[in-house]
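Reading through the structure tokens given below for one structure.
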């Protein structure tokens with residue numbers, strides 16, 4: 001049985017507030033209908049977390065990597081998203097990045113990469129994009145960013161004036177803030193992926209699921225539709 005995450009959050013908080021913890025765990029298990037397995041879970045059932053990695057854009061990886069050509073120390077970007085009561089929390093951690101680079105973090109509709117991490121030959125554009133945060137890499141080649149907003153299963157935008165129906169942005173990626181930082185990799189021109197709309201190319205992005213083709217911010221896919229959609 002599918003239970004909306006928003007309802008799960010309300011039920012969990014209600015039980016936690018009005019019953020002792022030992023009793024609350026059992027009551028929550030009964031309310032959610034998940035049987036005895038739930039009795040072994042921590043009380044913060046509503047605080048579901050997911051973890052995934054971003055992959056480097058192959059065209060600019062040498063402009064991104066702190067240790068260029070070192071396969072043992074490639075650029076790394078790990079994402080943890082925790083479901084909250086009113087919104088979700090995303091933590092992005094970077095390492096092995098060239099020191100002092102600046103990036104711009106977005107959630108987008110489409111990934112530039114396929115499920116194996118290669119350039120998607122069918123890619124046309126990133127679709128709907130939301131500007132989420134700036135990223136500043138330290139002199140040690142690391143960065144940490146935290147944002148709080150609606151993310152898991154429900155992040156979307158729409159614009160009736162332009163005929164844009166509700167559209168999800170289930171991918172996470174970041175772009176070079178300064179186009180010059182990617183010039184050595186053959187990049188010319190600009191992209192709109194910063195506040196001034198003169199950013200560089202995509203640096204790293206999430207991969208689509210090989211079965212559903214959805215981004216990792218969808219945790220509850222609906223495969224009865226073609227293409228697959230996400231249960232909010």
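Is it the case that some residue within the range 195-204 is at pLDDT 95 or above, within 15 Å of the chain's Cα centre (by Cα) and farther than 20 Å from residue 100 by Cβ?
no
Having 1 or more residues that are in contact with a helix residue (DSSP H, G or I) (Cβ under 8 Å, 6 or more places away or on another chain) is the bar; report the strands (runs of 3 or more DSSP E) wholly within the range 130-186 that clear it. Spell out the reasoning first.
Details: elements: 143-149, 156-159, 164-168, 171-176.
So the answer is 171-176.
Quick one: which residue in 123, 193, 174, 170 is out of contact with any strand residue (DSSP E or B) (no Cβ under 6 Å at 6 or more places or on another chain), within 26 Å of residue 50 (Cβ to Cβ) and surrounded by 21 or more Cβ atoms within 10 Å (Cβ to Cβ)? Let's see the steps before the verdict.
On the way: 123 fails: surrounded by 21 or more Cβ atoms within 10 Å (Cβ to Cβ); 193 fails: out of contact with any strand residue (DSSP E or B) (no Cβ under 6 Å at 6 or more places or on another chain); 174 fails: out of contact with any strand residue (DSSP E or B) (no Cβ under 6 Å at 6 or more places or on another chain).
One residue alone meets the criteria, 170.
Which pairs turn up if I take residues in the range 166-192 that are in contact (Cβ under 8 Å) with a residue 24 or more places away in the chain and look for partners that are in a helix (DSSP H, G or I) with beta carbon separation below 7 Å, at least 6 apart in sequence or on another chain?
176/182; 181/63; 182/63; 184/63; 185/62; 185/63; 187/179
Which of (1) surrounded by 12 or more Cβ atoms within 10 Å (Cβ to Cβ); (2) over 28 Å from residue 153 (Cβ atoms) does residue 230 not meet, given it meets every other one?
(2)
The values are calculated or read from the model by the stated rules, or taken from the named source; none is laboratory data. Note that the structure is predicted; figures quoted are calculated from it, not measured. Virtual Cβ from ideal backbone geometry, glycine too; neighbours counted across all protein chains shown.
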